[in-house]
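Before any comments, here is the structure.
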Amino acid sequence: MVMTLKIDVGVASLSKYKEEVCGDTVEIVKTEQSTTIVFSDGLGSGIKASILSILTTKIASGLLKRNVSLEQVFETIADTLPTCKVRNLAYSTLSILRLYPDGRCHLIEYDNPSLLWIRKKKPLSIKRKKRQIAGKETMEAQFFIEPGDLLVMISDGVINAGVGGLFRLGLGYEGVINSVLDWAIEYDDSQPVAERVTDVVDACYLGRPGDDSTSIIITARNPRTAILLTGPPANPKHDQDLVSKFLEYKNVRRIICGGATGNLVAREMGREIKTNLKYEDPSVPPTATIKGIDLVTEGILTLNKCLTKLKNIDQDKKTEPLFDGATLLCQSLMKADRIIFLVGTAVNPAHEEFMNSLQLLTRMEVIKRLQTLLTEMDKEVVIEKY
Amino acid sequence: MIVPVKVCAGTSCHLLGNQEIIDVLENMPAQYQNCIMVGFTSCFGACEQGPCVLVSDKLIYQATPEKVIQAIKEELRSKK
Ligand code: FES
């Protein structure tokens with residue numbers, strides 16, 4: 001079977017002390033066939049460096065979107081961007097890493113610190129070959145990653161953090177690996193790890209970075225599936241079937257939305273359902289717990305609120321740090337790559353009256369709209385009605 | 001002795017005003033605070049007659065703060 005790895009990329013940057021902009025630029029190009037990360041560090045710092053690195057990454061990502069090969073992209077850039085006459089240096093560095101869903105990676109590096117590869121908390125070495133592309137000496141590598149692997153791309157500002165101050169030789173590769181490992185156990189997303197690494201860098205520079213510093217954390221994982229059961233089935237005879245269906249999937253996050261649904265599952269599993277002791281948000285009924293189920297929320301109100309939250313989610317896909325059922329549900333859906341909705345279509349007559357007056361969407365309507373939103377976010381969504 | 005009081009936090013009961021009852025329960029005079037244990041439950045399946053509150057093992061339909069306090073008092077008295 002072909003492995004379909006999901007690639008998470010987190011990027012965080014610091015600008016050199018007293019500079020308004022960062023001279024490092026990162027572009028991520030995602031297509032169905034691959035994820036490509038383009039990283040460039042412009043010579044020097046400030047606006048000039050920034051423009052140079054933006055120019056480099058924009059040219060590269062533009063070409064990559066048109067399916068141009070990595071070599072050709074490199075060639076074009078090497079030919080286009082001049083070198084500094086005085087110092088005989090290239091105006092910017094460039095690393096391009098392309099990752100395929102089967103785990104294959106293709107890397108070309110020019111003048112950047114080496115990409116780091118970590119598996120099971122240990123660094124692995126990447127076999128690189130020198131390769132001349134358009135008169136420039138680049139390093140090239142092809143390798144295969146597995147779920148759980150971590151790749152770290154950094155600018156020299158990170159490697160040199162604290163040089164001559166806190167450390168004689170700067171943070172170094174080892175320092176970077178240690179701080180990545182420290183934080184990677186705490187988070188299962190790349191972004192916070194990337195941010196913590198730049199925090200460490202900032203601290204090494206005692207809050208006054210001596211250079212633009214960028215950390216890019218790339219993690220590979222198996223796709224995450226969530227299964228969400230909401231509403232009892234139209235025919236109570238199907239209760240048991242529906243619950244077994246809900247429980248039969250392995251390695252999934254199980255979510256229940258609905259009080260009656262929660263009671264139904266608890267009954268069928270022979271477990272207790274405990275409603276939590278607090279209204280985190282007065283407009284969202286409290287969540288509950290059933291052993292073995294990851295999230296149990298109320299139904300209609302929570303689903304409607306979750307839809308609103310998901311619609312308003314900001315660009316960097318962060319929800320507010322709240323703990324009400326709707327926020328938790330929203331976070332769970334965001335985290336999943338694949339979501340299976342099992343929707344029971346029994347109608348609660350007591351709901352009908354207030355549904356209209358409060359302009360609430362019905363269960364099915366909310367789920368359909370969630371499907372549209374989640375599909376737009378590149379997630380695979382399946383709805384099954386009962 | 002402690003009287004368990006469980007307020008239904010299901011959709012209907014929430015919309016039918018369980019919050020008012022919760023507020024009153026949380027702000028009961030000190031002499032009662034120590035004798036009751038307030039919690040929530042999911043739907044009792046009597047949504048049309050909400051809000052529902054379970055005081056010990058007595059289910060109160062169309063509950064109001066007064067009805068709930070009355071039931072708590074009765075419960076305390078009977079157990080004395
Ligand atoms: S919601 Fe309270 S009884 Fe159904």
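The values are calculated or read from the model by the stated rules, or taken from the named source; none is laboratory data. Just so it is clear, the structure is predicted and the values come from calculations on it, not from any experiment. A quick note on method: Cβ atoms are made from the backbone with ideal geometry, for glycine too, and the neighbour counts reach across all protein chains shown. Keep in mind that these areas ignore ligands, DNA and RNA; they rest on the heavy atoms of the full protein, side chains included. Shrake-Rupley method; radii C 1.70, N 1.55, O 1.52, S 1.80 Å.
Does A:Lys335 fit the bill of being under 21 Å from the mean Cα position of the chain (by Cα), among the basic types (Lys, Arg), surrounded by fewer than 16 Cβ atoms within 10 Å (Cβ to Cβ) and closer than 23 Å to A:Asn222 by Cβ? Judged against the criteria, A:Lys335 is a match. Residues that are away from chain B (no Cβ under 14 Å), of a type outside the set (A, V, I, L, M, F, W, C) and in a helix (DSSP H, G or I) within segment A:345-375 comprise A:Glu365, A:Lys368, A:Arg369, A:Gln371, A:Thr372, A:Thr375, listed in sequence order. Restricting segment A:247-262 to residues that are under 23 Å from A:Thr327 (Cβ atoms) and of a type outside the set (Gly, Ala, Ser) leaves a set whose member that is most open to solvent (accessible area, probe 1.4 Å) is A:Arg253. Applying a threshold of 6 Å to beta carbon distances and a minimum spacing of six or more residues, or different chains, the list of pairs starting in segment B:1-29 at a residue that is under 14 Å from A:Thr275 (Cα atoms) and ending at one that is among the basic types (Lys, Arg) and open to solvent by 30 Å² or more (accessible area, probe 1.4 Å) is empty. Flag: B:Leu54 matches the condition of being more than 10 Å from chain A (Cβ to nearest Cβ), touching a Lys or Arg at 6+ places or on another chain (Cβ under 7 Å) and either surrounded by 14 or more Cβ atoms within 10 Å (Cβ to Cβ) or without any contact (Cβ under 8 Å) to a residue 24 or more places away in the chain (or both).
Residues that are open to solvent by less than 10 Å² (accessible area, probe 1.4 Å) and under 18 Å from B:Ala71 (Cα atoms) within segment B:5-22 comprise B:Val5, B:Val7, B:Cys8, B:Asn18, B:Ile21, B:Ile22, listed in sequence order. Flag set for B:Val68, criterion: part of a helix (DSSP H, G or I) and touching a residue at least 60 places away in the same chain (Cβ under 8 Å). Note on segment A:55-143: enclosed strands (runs of 3 or more DSSP E) holding 2 or more residues that are within 27 Å of the chain's Cα centre (by Cα) and within 18 Å of A:Ile28 (Cα to Cα) are A:94-99, A:104-110. Summed over segment A:342-364, the residues that are more than 16 Å from the ligand (Cβ to nearest atom) and surrounded by 14 or more Cβ atoms within 10 Å (Cβ to Cβ) give a count of 6.
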